[in-house]
Amino acid sequence: MTDTFMGYRRENGKVGVRNLIAVIPSVFCSAKVAERIAYQVPGTVPFRHPVGCSQVGEDLEITAKTLIQIGKNPNFAGVVVVGLGCERFSPYELADGIAPTKKMLETVVIQEEGDSLQAIQQGTKLAREMQQKASFQQREEVPISELMIGLNCGGSDMTSGLFANPALGIASDKVVEQGGSSILSELTELLGTEHILARRAMSDSVANEICEVIQKMENRLLQQTKNSSNKNRNHLISKGNYDGGLSSVVEKSLGSMKKSGNAPFSGVIRYGEEPKVKGLHLLDSPGHDGEVTTGQVAAGAQIVVFPTGRGTPTGFPGIPVLKVTGNPKTYTKMKENIDINAGKILTGESTMEEMGEEIYQEILQVASGKTVKAEILGHDEQFCITRVP
Amino acid sequence: MEQETTAGEKNSLVIDARDNVGIALTDLKVGDMCLVSIGNKVVQVELRDDVAFGHKFALKTFAKDESVYKYGEEIGKTTSSVPIGSWIHTHNMYCDRGLKE
């Protein structure tokens, strides 16, 4: 018997932990119409983004795949696609990509409706109908093997690597041990850990892939720092990381990887794609909080667990982002933003094992419907699709 | 890489027996004594600098370009000789990863 949670079983068998309608623009030009539609209908979430046109090649392909995958995420019972009409990434291609999930799906195109007001009106009617149908769906008991969690830390200080990340690693191992899935990422902040991560790969080919994607990311950093016109832009970690006691990217990396516990790596996921098997994966994304969690949600993560030492309030549209800090002072200061105080390890009120269990139990409750602080306060800043130079 | 990180009342901590830096668990001042366990050994270090919460101090005297170990792994090298008890940070430690070929 594994642990269970109460989730929403979708038409394609996947399970959501939320029951919302996504309003997704295919291009930045239709972002405001999408927002206005979502504003009119509670239970819907808009996905504002700045891409979808004037892009070529792999960059446009990653935008296309990611927007499709966001629509497929099982936290969304239905999707309203909103297009302009002349963009490179067609709204119909976006809808066709989501269609195999058999979830509720409609497309509104501004240039076909007439103008933005008519598109808002049409989109609002469609979203309203979907929301009503979704409202009748019930949660059911499902095994934790249906759960995929994204791991991302932001605003790190040394307490992240020492307390919050290892405690989260214990929780992540519990999910993976029972057949669930977990995703580590932030490759720009895994430099110096590749030999450790590769040892945990399930096969030689996965080990090679881990080393290869981290090497590629390092080459990209080398290119960017070498060509920089302003040498002050060449810091690989932030001012707050330095202030918090981290002196190098490798020091940050060694703490960062602890989020993934000790489980073996089943595979590497390309950005905008989903894993082929369950278990722990490494997602190929730079360390930007939003780019990471967007890639994780695109891969199918229904929850993100987010350690933060310095303290950050950000969240993701339609996806609970559970905040954990290892810094007791940050918890006291940012109680309205942070869900779990892993700083109790530092103050001696809790052991590492107990804290791992506390995070794990909170993940199960959030999966069953308990809201996290970022959701309640409306934080949705993290949706941000990575770009390829 | 296994570690006992229930910190309790201690003012500082060494994560791994291979490490040559300690971590301040509170804001420490020059002259403060730090008693840390490194594997089975207990070592006492007197701080030569103020070391803020979360920052590192030298458990030995480093020569220039010597490796700094934390979590049992190299996190960078010293830019100068660094006496035992000194604060170790970006002013006396560097790391080339992602920056230079």
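The values are calculated or read from the model by the stated rules, or taken from the named source; none is laboratory data. Owing to the predicted nature of the structure, the values given are computational and were not obtained by experimental measurement. All Cβ positions, even for glycine, are placed from backbone atoms using ideal geometry, and neighbour counts span all protein chains on display.
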Collect the residues in region B:43-101 that are among the small types (G, A, S) and facing another protein chain (nearest Cβ under 9 Å), keeping them in residue-number order. B:A52, B:G54, B:G72, B:G76, B:G98
On the given criteria, is A:G295 outside any helix (DSSP H, G or I) and over 21 Å from A:I144 (Cβ atoms)? no
Quick one: is A:P100 touching a residue at least 40 places away in the same chain (Cβ under 8 Å), surrounded by fewer than 17 Cβ atoms within 10 Å (Cβ to Cβ) and touching a helix residue (DSSP H, G or I) at 6+ places or on another chain (Cβ under 9 Å)? yes
Working only within region A:158-197, note down all residues that are polar (S, T, N, Q), more than 14 Å from chain B (Cβ to nearest Cβ) and surrounded by 18 or more Cβ atoms within 10 Å (Cβ to Cβ). A:S172, A:S181, A:S182, A:S185
Filter region A:53-84 for residues that are within 20 Å of the chain's Cα centre (by Cα) and assigned to a loop (DSSP other than H, G, I, E, B); which is surrounded by the fewest Cβ atoms within 10 Å (Cβ to Cβ)? A:P74
Can you tell me which residue in region A:148-178 is nearest to A:Y242 (Cα to Cα), limited to those that are outside any helix (DSSP H, G or I) and of a type outside the set (S, T, N, Q)? A:D157
For region A:307-329, what are the residues that are touching a His at 6+ places or on another chain (Cβ under 9 Å) and surrounded by fewer than 24 Cβ atoms within 10 Å (Cβ to Cβ)? A:P313, A:T314
Among (1) under 26 Å from A:K329 (Cα atoms); (2) in contact with a Cys (Cβ under 6 Å, 6 or more places away or on another chain), where does B:G76 come up short? (1)
Regarding region A:348-356, can at least one residue be identified that is among the β-branched types (V, I, T), surrounded by fewer than 24 Cβ atoms within 10 Å (Cβ to Cβ) and either part of a strand (DSSP E or B) or not assigned by TED's automatic domain parsing to the domain that holds A:G161 (or both)? no
Going by the conditions given, is B:D16 within 11 Å of chain A (Cβ to nearest Cβ), of a type in the set (D, E, K, R) and touching a residue at least 24 places away in the same chain (Cβ under 8 Å)? yes
In region A:216-266, anything assigned to a helix (DSSP H, G or I), touching a helix residue (DSSP H, G or I) at 6+ places or on another chain (Cβ under 7 Å) and surrounded by 22 or more Cβ atoms within 10 Å (Cβ to Cβ) is listed as A:N241, A:V249, A:K252, A:S253, A:L254, A:G255, A:S256, A:M257, A:K258, A:K259, A:S260
Out of (1) buried (at least 24 other Cβ atoms within 10 Å of the Cβ); (2) assigned by TED's automatic domain parsing to the domain that holds A:L147, the odd one out for A:K344 is which? (1)
Within region A:180-190, is there a residue that is at pLDDT below 95, assigned to a helix (DSSP H, G or I) and either at positive phi or in contact with a Ser or Thr (Cβ under 7 Å, 6 or more places away or on another chain) (or both)? yes
Show the residue pairs that are 6+ apart or on different chains and have beta-carbon atoms under 8 Å apart, the first residue being within region A:271-298 and free of Cβ contacts under 8 Å to residues at least 60 places away in the same chain, the second being hydroxyl-bearing (S, T, Y) and assigned to a strand (DSSP E or B). A:V277/A:S266
Step by step: first the residues of region A:198-215, then only those that are within 12 Å of another protein chain (Cβ to nearest Cβ) and in a helix (DSSP H, G or I), then the one that is nearest to A:F265 (Cα to Cα). Which residue is that? A:R199
Scanning region B:74-85 for residues that are surrounded by fewer than 20 Cβ atoms within 10 Å (Cβ to Cβ) and either touching a residue at least 24 places away in the same chain (Cβ under 8 Å) or part of a loop (DSSP other than H, G, I, E, B) (or both) gives B:T79, B:S80, B:S81, B:P83, B:I84
Contact list, first residue from region B:50-66 and in contact (Cβ under 8 Å) with a residue 40 or more places away in the chain, second anywhere and not aliphatic (A, V, I, L, M), beta-carbon distance below 6 Å, six or more apart or interchain, is B:F57/B:G22; B:F57/B:W87; B:L59/B:N20; B:L59/B:G22; B:K60/B:N20; B:F62/B:T78
